């Protein structure tokens, strides 16, 4: 669980609601079904329209990363690489075959299998880097779905505001209708700007950060596999790879 995500959401919305309360507003005044429908429905519809099906599906699946980030750790992967190096040092690269079978990380498993199959280091690096870059690109494309929604939401909120004002202008002779129309106008704007800046844009940035973290760990795995292929000492490998996360 990423506790910072929970704290961030809580602080952001508590600040808005608390500020409204201090200004003398009522909690109920911030809730308006027509405004919510316009902003949420319009923003979601625009995102669906602009995004290919595969990218949109990936974006929806990645949302859970905001609260449950992928469990890929520099320290854990480094320990595994050192163990692989010790196995290779004792039994040669073929000794890694049993390790590859048990490895749960698909990326590392693929690299180990390429090593066991006797592929040259240049080929292994090429294959692994291609997978790294393509996965990173797909994940960033998915994260940008939320970024685009964060761009649409304020504009959709303005559309809702204009619709509310149109309703007001059309019912100037009926004071009862004026209140609801003005409420939709202002609350739609709040919804659009608030959802974009308190939720959608932060979600996009957090997903991109986790994607880059995952890619950085995978870069370390590639360098570790290359070092094993070159027959480097396990202690030397450990010292070299520590540079990947000393400042993390």
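The values are calculated or read from the model by the stated rules, or taken from the named source; none is laboratory data. For clarity, every value in this text was computed on a predicted model and none was experimentally measured. With ideal geometry, Cβ positions are generated from the backbone for all residues, glycine too; neighbour counts draw on all protein chains shown.
Among the residues making up the range 16-36, those that are in contact with a helix residue (DSSP H, G or I) (Cβ under 9 Å, 6 or more places away or on another chain), within 19 Å of residue 197 (Cα to Cα) and assigned to a helix (DSSP H, G or I) are 16, 17, 20, 30, 35, 36.
To keep it simple, each residue is scored yes or no on (1) at pLDDT 90 or above; (2) farther than 23 Å from residue 33 by Cβ; (3) outside any helix (DSSP H, G or I).
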| residue | (1), (2), (3) |
| --- | --- |
| 151 | yes, yes, no |
| 155 | yes, no, no |
| 162 | no, no, no |
| 177 | no, no, no |
| 185 | no, no, no |
| 207 | yes, yes, no |
| 210 | yes, yes, no |
| 215 | yes, yes, no |
| 221 | yes, yes, no |
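Restricting 92, 45 to residues that are on the phi > 0 side of the Ramachandran plot, assigned by TED's automatic domain parsing to the domain that holds residue 209 and surrounded by fewer than 15 Cβ atoms within 10 Å (Cβ to Cβ) narrows the list to 92. Are any of the residues in the range 63-73 assigned by TED's automatic domain parsing to the domain that holds residue 110 and within 30 Å of residue 231 (Cβ to Cβ)? Yes.
Just one of the listed residues (229, 196, 209) is in the same structural domain as residue 167 (by TED's automatic domain parsing), touching a residue at least 24 places away in the same chain (Cβ under 8 Å) and within 17 Å of the chain's Cα centre (by Cα), and it is 196.
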